[in-house]
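A short write-up of the structure that comes next.
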């Protein structure tokens with residue numbers, strides 16, 4: 001960005017901003033204030049333009065905070081799914097349930113099991129760390145049992 005989209009000033013500076021992220025929940029939304037979000041600020045009009053990746057990370061942090069506080073309702077579930085960037089059908093495939101089941105969970109017609117919430121928490125944690133461990137496990141190919149015994153060795157680092 002070379003000029004401010006609001007006032008057309010060319011005096012733009014990189015800065016860090018604080019944003020409030022609202023996680024829909026019942027009975028009221030959880031508001032999480034996330035600091036350190038990258039932005040470009042116009043010195044002319046004071047308008048700030050937030051960075052997309054940092055804003056997405058702020059939503060993941062807010063979702064993680066909601067789960068840490070025990071919020072387990074449809075609005076929170078939908079918020080976290082969207083923060084992960086998954087369509088209902090994609091999340092359904094990962095969890096081995098139909099998109100209709102995802103819809104029932106998101107609309108609070110049925111409660112998601114604790115194991116589902118734990119899997120969501122793992123997906124969020126992985127994304128925040130920049131890893132894909134949980135996603136890789138959920139998308140692993142069908143098991144293949146080798147014909148020969150598998151040989152493993154306990155190392156000194158594993159011994160107690």
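The values are calculated or read from the model by the stated rules, or taken from the named source; none is laboratory data. All values derive from a computational prediction rather than experimental measurement. Positions of Cβ are backbone-derived with ideal geometry, glycine not excepted, and every protein chain shown enters the neighbour counts.
Computed values, structure above
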quantity	calculated
Considering residues of segment 119-156 that are outside any loop (DSSP other than H, G, I, E, B) and more than 13 Å from the chain's Cα centre (by Cα) only, the residue nearest to residue 72 (Cα to Cα)	138
Residue within segment 130-144 that is buried (at least 18 other Cβ atoms within 10 Å of the Cβ), more than 30 Å from residue 2 (Cα to Cα) and touching a residue at least 12 places away in the same chain (Cβ under 8 Å) present	yes
Where a residue in segment 88-116 is on the phi > 0 side of the Ramachandran plot and in contact (Cβ under 8 Å) with a residue 60 or more places away in the chain and its partner, wherever it lies, is crowded, with 16+ Cβ neighbours inside 10 Å and in a helix (DSSP H, G or I), with Cβ under 6 Å and at least six apart	108/74
Identity of the residue in segment 107-118, assigned to a helix (DSSP H, G or I) and in contact with a helix residue (DSSP H, G or I) (Cβ under 7 Å, 6 or more places away or on another chain), that ends up farthest from residue 62 (Cα to Cα)	116
Residue ranges of strands (runs of 3 or more DSSP E) in segment 1-56 with at least 3 members surrounded by fewer than 12 Cβ atoms within 10 Å (Cβ to Cβ), on the phi < 0 side of the Ramachandran plot and modelled with pLDDT of 90 or more	12-23, 30-42
Subset tally (residues that are within 22 Å of residue 62 (Cβ to Cβ), in a helix (DSSP H, G or I) and in contact with a helix residue (DSSP H, G or I) (Cβ under 7 Å, 6 or more places away or on another chain)) for segment 83-106	8
Test: residue in segment 119-129 that is farther than 23 Å from residue 71 by Cβ, surrounded by 10 or more Cβ atoms within 10 Å (Cβ to Cβ) and in contact with a helix residue (DSSP H, G or I) (Cβ under 8 Å, 6 or more places away or on another chain)	no
